[in-house]
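The values are calculated or read from the model by the stated rules, or taken from the named source; none is laboratory data. Computed from a predicted structure; not experimentally measured. Heads up, the Cβs are rebuilt from the backbone with ideal geometry, glycines too, and the neighbour counts pull from every protein chain shown. Accessible surface is based on the protein model in full, side chains and every heavy atom, while ligands, DNA and RNA are left aside. Shrake-Rupley method; radii C 1.70, N 1.55, O 1.52, S 1.80 Å.
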Amino acid sequence: MVNQLWYLKNCDVFRSLGPAQLARLESRSKYRKFGAKELVYLPNDQGDSVLLLADGRVKMYYVTSEGKQSVLAFIDPGELFGELAILEPADREEFAEATEPSNVIMISGAEIQRLMAEQPTVSLEMTRLIGLRRRRIERRLKSLLYRSPRERMVCLLLELAEKYGERCADGLLLNVRLSHQEMSNVIGTTREMVTVMLGELRSQRMIEIKRRRIIVKQVARLADSVGETVPRLSRGIRPVPARLQRAGLES
């Protein structure tokens, strides 16, 4: 049997809960498995629960009138999503799709509201989460409206650095795998254009690409080129993994 309790108590939002509160939260949660490319939910589904990704990866996106995906966020293990259910139960507005086999814990929105009333730290963490997601979406929207494709590409790299960046001997390793198609869906351009722009940044020695992992070699220069500040990093200096050092540059 899956130990939902372990995943719940290791989620940042619920770390302050006591045993009784965690047990109650677990009793009001459901565990579901999703295959790669399977929809977790879609627009007009009832949004009365908040979801915790136990493992795997989930992509949240809209579909434009032209039938193209516009990616809002990628969700990683330990993160909550669908959090607007705690404000007011309403139909979902976006798609949530597992990009690889994933396990999701569905938590009653009403139960989280109760915990927020009981435990101020839960309320604070949920408010912080909603604010962070809103800022990222607003920043991406401004980028789509006012920036060139190259600037949007650079802003995406800086956003990935903020979330996945790890300092290494050669610069900043973006510890996440994104295909060129996924990047194009985020910044509103084509896969071919992403390939060209990454090639230009690589030829300028600003980045290096090894096995779909990007190493930003000149973070400050990259940020300065689009008028942004260097992203805050919480990870320490460590060497680039040997498998990446041995790998040749991706074509």
> Does residue 151 count as part of a helix (DSSP H, G or I), at pLDDT 90 or above and acidic (Asp, Glu)?
Replying inline: yes
>> residue 154 - would you say it is buried (at least 18 other Cβ atoms within 10 Å of the Cβ), of a type outside the set (Asp, Glu), in contact with a Lys or Arg (Cβ under 9 Å, 6 or more places away or on another chain) and in contact (Cβ under 8 Å) with a residue 40 or more places away in the chain?
In response: yes
> For residue 133, are the conditions met, namely being under 24 Å from residue 217 (Cβ atoms), in a helix (DSSP H, G or I) and not hydrophobic (A, V, I, L, M, F, W, C)?
Replying inline: no
> Name the pairs: first residue in segment 108-123 and more than 16 Å from residue 20 (Cβ to Cβ), second residue of a type in the set (S, T, N, Q) and in a helix (DSSP H, G or I), Cβ to Cβ under 7 Å, at least 6 apart or on different chains?
Replying inline: 116/123
>> From the list 101, 43, 77, exactly one residue is out of contact with any helix residue (DSSP H, G or I) (no Cβ under 6 Å at 6 or more places or on another chain) and either part of a helix (DSSP H, G or I) or open to solvent by less than 40 Å² (accessible area, probe 1.4 Å) (or both). Which is it?
In response: 43
> Residues 169, 117, 90: which one is open to solvent by 50 Å² or more (accessible area, probe 1.4 Å) and within 18 Å of residue 231 (Cα to Cα)?
Replying inline: 169
>> Condition first: assigned to a helix (DSSP H, G or I), basic (Lys, Arg) and open to solvent by 50 Å² or more (accessible area, probe 1.4 Å). Now tell me which residues in segment 8-26 satisfy that.
In response: 9
> Can you tell which of 72, 84, 52 is surrounded by 12 or more Cβ atoms within 10 Å (Cβ to Cβ), assigned to a helix (DSSP H, G or I) and within 18 Å of the chain's Cα centre (by Cα)?
Replying inline: 84
> What are the residues in segment 174-228 that are of a type in the set (S, T, N, Q) and either touching a residue at least 40 places away in the same chain (Cβ under 8 Å) or not in a helix (DSSP H, G or I) (or both), if any?
Replying inline: 175, 179, 185, 189, 190, 204, 218, 225
>> For the condition open to solvent by 30 Å² or more (accessible area, probe 1.4 Å) and either of a type in the set (Gly, Ala, Ser) or over 20 Å from residue 200 (Cα atoms) (or both), what is the one hit in 140, 147?
In response: 140
> Name the residues in segment 27-40 that are within 13 Å of residue 109 (Cα to Cα) and open to solvent by less than 60 Å² (accessible area, probe 1.4 Å), would you?
Replying inline: 29
